[in-house]
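Let me begin by presenting the structure, written as structure tokens, before commenting on it.
The values are calculated or read from the model by the stated rules, or taken from the named source; none is laboratory data. These numbers were taken from a predicted model, which means no experiment stands behind them. Every residue, glycine among them, receives a Cβ derived from its backbone with ideal geometry; neighbour counts consider all protein chains shown. SASA here: full protein model, heavy atoms, side chains in, ligands and nucleic acids out. Shrake-Rupley method; radii C 1.70, N 1.55, O 1.52, S 1.80 Å.
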Amino acid sequence: MNSMLWLIAILFVSMNALIAQPKGYNYDEGKVPKYTLPDPLLMTDGDRVKTVKEWETQRRPEILELFKKEMYGRAPGKPANLKFSVFDEQQVLKGKAVRKQVEIQFAGKADGPRMTVLIYLPPKAKGPVPTFLTLNFRGNHTVADDPNIRLPHSWVRGRTKGETVDNRATEKGRGVAKSRWGVMNILKRGYGLATIYYGDIDPDFDDGWKNGVHALYPKPKPDEWGSIATWAWGLSRALDYFETDKDIDHKRVAVMGHSRLGKTSLWAGAADQRFALVISNNSGCGGAALSRRAFGETVKRINTSFPHWFNDNFLKYNDNENACPVDQHMLVALAAPRPVYIASAVGDKWADPNGEFLSGIHANPVYQLYGLSGLPASKQPPVDSPVMGRIGYHVRSGKHDVTDFDWEQYLKFADKHLKPRKK
Ligand code: GTR
């Protein structure tokens, strides 16, 4: 390589490092502040939870309520006029997949708030298949090279013009995010894949709660839904549809998400126990990472950069994490006894890989109450060495992303816990 190319390569790498690790935040394990985590099994009245029944009828509802009130916000239930319209169903990808597209109208109106679910299913399935449900960042059409995927009707993030520009999705975007999905591999393993463009549910910018499904509801109060809770609400509406689709096993749906959408999958699994398995990919602050560690992204920073993600009550915990009655290990614990997989990346220090691991560890007492081992590790496992109990964890080499390695672990984990039914 000549020196010019080297210079460009070095600049590119350091730019990426800057983006992945903003300055002024702590990335040093030795400088993590001293903290005490709230005990998931200690009720607010001081009693200790001793049985599964006490957990399920008292402490779990208490923790769920705290997360709603203080952080993600309460969401409404299933709308009365929810309408499903399957507008596409055919064999595609040379007969190796069945593609369905379903429009879900939140107010039962074709010109009202709505989302499109793109579904790929294995073509020769005998009976309903277990399915991964995930939100995507840039439109369903970015997930695969498939000319007939409907383009999003809603706002998409602008690459160059900033995030609040009302861009339209174009043909150029087809397949651009396919490296994150491996559709054929998922189908070959006997699973379906369903995905929704998150901006269909709620465009990802601070718009005064006018766009997406918020148009149907009053402006949220300080304890009501932020965008993460809204995206999770959309995932539950997809599950409502799955309950009506005989090709999808709605009792074996794994909700998976990356980054802000990993925060969303954790919250979706907590708020809606119909999800059978939960996967958090590099979810970081407000997801799997313990807030009290203030390692990488902090509560104050996330509330400042993304004021619409959480509810307004969460602002109280800016630079004040210890005052919060919950921390993120309790979010993992809300999935119990269902399986949860937490994935980190070494190059993703902003998301605090060790803090993500520790959330799994500190959720263990709740899994143990069920006689399950939870996350079977005493310290963070070495890079690229997954550990899988009822809670799974890996830290892979590389940066903030979703890779084939990540999917390989999710498929193994699903084989272990959601195994396609024996015929
Ligand atoms: C970052 C944010 C993270 C993470 C990420 C993403 O800017 O600080 O919390 O959610 O975005 O979603 O891509």
Residue-ordered couplings for region 172-185, obtained by feeding phi - 60° into the Karplus form 6.51 cos²θ - 1.76 cosθ + 1.60 and rounding to whole Hz (Gly and Pro as x), are 4, x, 4, x, 5, 10, 5, 5, 8, 10, x, 3, 4, 5
When the chain is treated as a GNM, springs tying every alpha-carbon pair under 10 Å, which of Asn320, Asn364, Asn311 comes out with the largest mean-square fluctuation?
Asn320
Output wanted: per-residue J couplings in Hz (rounded whole) for region 134-146, from phi through Karplus 6.51 cos²θ - 1.76 cosθ + 1.60, θ = phi - 60°, x for Gly and Pro.
9, 8, 10, 8, 10, x, 4, 5, 7, 7, 8, 7, 8
Applying the gyration tensor rule to the Cα atoms of region 105-242 (axes a ≥ b ≥ c; rounded if a/c under 1.5, else prolate if a/b exceeds b/c, else oblate), the class is oblate
Whole-number percent relative contact order across the chain, with pairs defined as alpha carbons under 8 Å at least 6 apart
17
Over its alpha-carbon atoms, region 282-384 yields an Rg and a Dmax in Å of 13.9, 41
How long are the three semi-axes of the equivalent ellipsoid for region 51-107, computed from the Cα gyration tensor as the root of 5 times each eigenvalue, in whole Å, largest first?
39, 18, 11
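Take each complete run of DSSP H in the chain, measure how far its Cα atoms stretch along the helix's own axis, and keep only those covering 15 Å or more with mean Kyte-Doolittle hydropathy at least -1.0; list them.
Membrane-span-like by this rule: 3-20, 227-242, 260-271, 353-369.
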With springs only between Cα atoms under 10 Å, which of Lys316, Lys94, Lys246 fluctuates most in a Gaussian network model of the chain?
Lys94
Using a 1.4 angstrom probe, figure out how much accessible area the chain has per residue, in square angstrom, rounded to the nearest whole.
43
Inter-site label distance for Ser179 and Lys379 at 7 Å from Cα along Cβ, in nm
3.3
When the accessible area of the chain is split by element with a 1.4 Å probe, what percent falls to carbon and sulfur?
55
Quick check on the chain: helices-only [θ] at 222 nm, where DSSP H runs of length 4 and up contribute -39,500 (n - 2.57) each and the sum goes over total residues. Nearest 500, please.
-8000 deg cm²/dmol
Would you please give the residues with an amide H less than 5 Å from that of Asp88, counting only those at least 5 places away or on a separate chain, with H modeled from the backbone geometry?
Gln101
Fully extended contour minus Cα-Cα distance, from Asp319 to Leu42, at 0.36 nm per residue:
97.2 nm
On the full set of protein chains, 1.4 Å probe, figure out the accessible area of Leu216 and give it in Å² to the nearest 10.
70
Taking the Kirkwood radius as the inverse of the mean 1/r across Cα pairs, report the Rg/Rh of region 180-287.
0.98
Once the whole set of protein chains is in place, how much accessible area is left on Phe295, using a 1.4 Å probe, in Å² to the nearest 10?
20
A chain fully extended from Arg274 to Leu372 at 0.36 nm per residue, minus the present Cα-Cα distance, gains in nm 33.3 nm
Over all distinct Cα pairs, what is the inverse of the mean 1/r for region 17-93, reported as the Kirkwood hydrodynamic radius in Å?
18.3
At R0 = 60 Å, FRET efficiency that the Cβ-Cβ distance of Thr57 and Lys172 yields, to 0.05
0.70
Using mean Cβ contacts within 10 Å as the protection proxy, how do 115-121, 202-208 order, highest first?
115-121, 202-208
What do you get for Rg/Rh over the chain if you use C-alpha atoms and the Kirkwood form of Rh?
0.95
DSSP bridge pairs, region 52-417: antiparallel proportion in percent, nearest 5
45
